[in-house]
Each structure stands twice: as structure tokens, then as C-alpha cells.
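Scroll down for the structure; my scribbles are underneath it.
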Amino acid sequence: MKNILVTGGAGFIGSNFVRMALEEHPDVHVVNLDKLTYAGNLQNLADVQDRPQYSFVHGDICDGPLVERLLEEHKIDTIVNFAAESHVDRSITGPKIFIETNVTGTLTLLQAARDKGLERFLQVSTDEVYGSLGSEGKFTEQTPLSPNSPYSASKAGADHLVRAFGHTFGLKYNITNCSNNYGPYQFPEKLIPLMIHNALHDKELPVYGDGMQVRDWLYVYDHCTAIWQVLEKAPPGQTYNIGGCNEKANIEVVEIILDRLNKPRSLIRYVKDRPGHDRRYAIDAGKIISQLGWKPSVTFEQGIAKTIDWYLSNEKWLAGVVSGEYQQYYQRMYAGR
Ligand code: NAD
Ligand code: TYD
């Protein structure tokens, strides 16, 4: 692995992955292709953007000729596809762009990669493709895909396409299905940064439904190390579930945030539930742990403390991302809910 094309590297997980790659693997050249949507932010990489082994390209994964040119020009041997529309709530109000980027965009990358003899195409996917769990059990790699939201349906569509390109054309691929991430540089439309931001500004914390939905939280750096292990050690054609064994009800997470920030529980406001809201996600990460020797570096308690500290020390970053379009988004999603 010498030259990696990382797509969506200016987003939350992508930027954490690019930073990890540049800092811990200086022998690798990283080309970051990002469209810079509302979720893409070059500030996320300001501290590493001048590294000689890093190049940024502003562009769309749906642009086939551009992708083909980048593969040639940079002698790309590995693609890691993070680029996506990633927020469930936005997929409910406007699903089309999710199909364009997550399905057509992935197809475009696959077509460009198909005959290039890549060492690996790694599709970064989500546990949400498996649907929702009852109070028992966990998702394994054998769980049938049964997505419930337009977001998860688009990610499942992409997973199927990647697998089909492996089966039909011999593309060497892996798919990783990870649980909910949290950590530095997450856009405050997602639960944890949204609640941190609102609590810091003494705004109400909007908890959907009864707040008893369960997510399995993983610190973003640990997701990045898991992807790296897959790139280095996994045989092609394998899928890996990634998760930290950190199941928490949403209300529990919100209360932890309030307590750490010394803010009152009276800021919590129960609001109208998300339509089709998945009740519980939980990952069985036994395969990646036993086959590749990956393990998370922090517990949820350590990870959430690091995350809150990061947001406290990066108020300028936070103020930047909540200016402009975010205010209209917040109004649209939450006013009178
Ligand atoms: P994000 O929304 O923070 O970032 C997405 C990035 O992709 C942005 O930089 C955006 O500009 C870029 N992008 C969007 N459309 C593009 C296009 N057409 N061409 C090029 N770039 C484009 O998302 P994230 O939370 O960092 O998630 C990254 C990936 O990980 C996604 O594929 C997501 O499905 C997956 N994932 C996320 C989580 C999570 O908890 N956030 C969990 C599991 C898997
Ligand atoms: P989110 O961060 O949007 O991730 P996902 O829907 O992909 O799991 O939401 C995590 C959980 O938090 C989910 O059950 C929805 C809930 N939630 C709220 O209760 N209030 C909010 O304002 C948001 C954004 C999410």
C-alpha cells in the first residue's frame, strides 16, 4: 500500500483517518477527494494539510473521468471510500442526493477501479444496513441486510454493488460495517456534538421519542485503526463488523454530557420521534478482533471525556460550523417539533 485515494477525507471520520495515516504511516501518500458539501470542512485537516505526502482534490466521486485521472496520475493502489451523505434525518427529508452520492458515486468509483488491478477497494459502511434489533442479540457479518431509512438503504445498495464487483469482476474489496462513531470534528447534526453544542449554549437538548433507543458507540480513532488493520491484514472479499461493545440508551448519553459539563438535566426536552426510528443497534466485533487482532483503545467513559474536552478547546471550530446554513437546518428540523 503506497498511494491511497481517500474519498470524503474532509468529513468527520475521513479527516480523522487522513490524520492518522499521515502521522502514523509516513511512507504512504494520501490523495483526498472531497466535494466539500456542508459536512466537508478543510479546517478539519488544517494541522496536516502541508505534509508532503498529502494532496487534496476538490471534486465529486460521481465524476468518472476525474476519478480515472486521479487513479492514473497518483498511481493509486488502494481506495478507501468514506464519501457519503451520512445523516439519517436529512435522508428522510431529501433522499435523492443519498442515492446519487452513496449509490451512483460508489458505482462510479467501482467502474473506474475495476480494471486497474487495485490492491484493495475498501468500502466504509455502517451497521445500519442490518436494520434494527430487539432487546437481545447483536449484528454479525451473517445478519441479512434489512435497511430501514433512505440513508441505510443507500449504504446497503453500495455494499451490494461492491460485493457484486468482487464476484463479477474479481475486484479485491473489503467492506467494513461500523457502529455509531463519536469524537473530534463531528458535525453537530449528529447526537453527541449536537448535545454538547446545545448544552454549552444553555439551549434545549432535543431527545427523540422516549430516548430509550440504543446505539453502540465507538471512538472515531478506533474506527480508523480498525480500517487500517483491514487494509493491512484482511484477505480480499471479507466483510468486518466494527464496534466497541458500548451500548448506551440515548438518554444515558445525553445525561453523561450534561453531567460532565455541569449543566442541569432540565435542559432535556423530549421531542417528536424520528419516523421509522431504529430501536437498537449492537455489533458483534468478534471477527475483526479474533482474525485481525484489532481492539479499541479507549472505553466510552474515556472517549466521551476526550471528545467533550476537544469541543471545549475548539470553540472556534464549532462556532464556524454552526454559522450559516446550519442555523436554517436547525430551524427546519427542530422548530416546533
Ligand atoms: P460526514 O458527513 O462527516 O462526511 C462525509 C464527507 O464526504 C464530507 O467531507 C463530504 O464533503 C464528502 N462528500 C459527500 N458527497 C461527496 C461526493 N459526492 N463526492 C466527494 N465527497 C463527498 O460523514 P462521516 O460521519 O465522516 O461518515 C463517513 C463514512 O462513514 C460514510 O460513508 C458513513 O456512511 C460511514 N459511517 C459513519 C458512521 C458515523 O457514525 N458517522 C458510522 C459508520 C459508518
Ligand atoms: P444520529 O447521531 O443521528 O445517528 P444515527 O441515527 O445514524 O444512529 O442519532 C443517534 C441517536 O440519537 C438516534 O437514535 C437518534 C437520536 N437523536 C436524538 O434523540 N436527538 C437528536 O437531536 C439527534 C440528532 C439524534
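Worth a mention:
- Test: residue in segment 311-323 that is under 27 Å from Arg90 (Cα atoms) and assigned to a strand (DSSP E or B): no
- When residues of segment 180-227 are limited to those that are part of a strand (DSSP E or B) and open to solvent by 10 Å² or more (accessible area, probe 1.4 Å), the one farthest from Met333 (Cα to Cα): Tyr219
Table: residues versus (1) open to solvent by 20 Å² or more (accessible area, probe 1.4 Å); (2) under 24 Å from Met20 (Cα atoms).
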{"site": "Ala249", "(1), (2)": "no, no"}
{"site": "Ile268", "(1), (2)": "yes, no"}
{"site": "His277", "(1), (2)": "yes, no"}
{"site": "Leu292", "(1), (2)": "no, yes"}
{"site": "Ile304", "(1), (2)": "no, yes"}
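- Within segment 89-103, being in contact (Cβ under 8 Å) with a residue 24 or more places away in the chain, within 9 Å of ligand 1 (Cβ to nearest atom) and open to solvent by 40 Å² or more (accessible area, probe 1.4 Å) holds for one residue alone: Glu100.
- Just one of the listed residues (Glu247, Glu189, Glu204) is under 27 Å from Thr143 (Cα atoms) and among the acidic types (Asp, Glu), and it is Glu247.
- Checklist (1) under 22 Å from the mean Cα position of the chain (by Cα); (2) without any contact (Cβ under 8 Å) to a residue 60 or more places away in the chain applied to Ile227, failing item: (2)
- Condition check for Lys116: away from ligand 2 (no atom under 16 Å from the Cβ), under 30 Å from Lys2 (Cβ atoms) and open to solvent by 50 Å² or more (accessible area, probe 1.4 Å): yes
- For the residues Asp27, Asp34, Asp47, the requirement of being open to solvent by less than 30 Å² (accessible area, probe 1.4 Å) and either more than 16 Å from ligand 2 (Cβ to nearest atom) or not hydroxyl-bearing (Ser, Thr, Tyr) (or both) singles out Asp34.
- Contact map, segment 183-198: residues that are on the phi > 0 side of the Ramachandran plot paired with residues that are away from ligand 1 (no atom under 12 Å from the Cβ) and of a type in the set (Phe, Trp, Tyr), Cβ distance under 8 Å, separation 6+ or inter-chain. Pairs shown: Gly183/Tyr221; Gly183/Trp310; Tyr185/Trp317.
- In segment 104-159, residue modelled with the highest pLDDT [restricted to those that are in a loop (DSSP other than H, G, I, E, B) and among the basic types (Lys, Arg)]: Lys138
- Any hit, segment 232-245, residues being within 16 Å of ligand 1 (Cβ to nearest atom), closer than 16 Å to Val124 by Cβ and surrounded by fewer than 22 Cβ atoms within 10 Å (Cβ to Cβ): yes
- Only one of the numbered conditions (1) more than 16 Å from the chain's Cα centre (by Cα); (2) over 16 Å from Gly320 (Cβ atoms); (3) within 15 Å of ligand 1 (Cβ to nearest atom) is not met by Gln43, and that is (2).
- Only one of the listed residues (Asn16, Asn32) is in a strand (DSSP E or B) and touching a Gly at 6+ places or on another chain (Cβ under 7 Å). That residue is Asn32.
- So Leu71, is it more than 25 Å from Thr126 (Cα to Cα), crowded, with 18+ Cβ neighbours inside 10 Å and of a type in the set (A, V, I, L, M, F, W, C): yes
- Meets criteria (open to solvent by 10 Å² or more (accessible area, probe 1.4 Å) and within 14 Å of ligand 1 (Cβ to nearest atom)) for Ser86: yes
Each row is one residue, and each column tells you yes or no for (1) touching a Phe, Trp or Tyr at 6+ places or on another chain (Cβ under 9 Å); (2) without any contact (Cβ under 8 Å) to a residue 24 or more places away in the chain; (3) within 30 Å of Asn174 (Cα to Cα).
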residue: Gly237; (1), (2), (3): yes, no, yes
residue: Asn246; (1), (2), (3): yes, no, yes
residue: Glu252; (1), (2), (3): no, yes, no
residue: Gln291; (1), (2), (3): yes, no, yes
residue: Thr307; (1), (2), (3): yes, no, yes
residue: Val321; (1), (2), (3): yes, no, no
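- Residues being crowded, with 24+ Cβ neighbours inside 10 Å and either acidic (Asp, Glu) or not in a strand (DSSP E or B) (or both) - total across segment 1-13: 5
The values are calculated or read from the model by the stated rules, or taken from the named source; none is laboratory data. Since the model is a prediction, treat every value here as computed from it, not as a measurement. Heads up, the Cβs are rebuilt from the backbone with ideal geometry, glycines too, and the neighbour counts pull from every protein chain shown. With ligands, DNA and RNA removed, areas are computed over all heavy atoms of the protein, side chains included. Shrake-Rupley method; radii C 1.70, N 1.55, O 1.52, S 1.80 Å.
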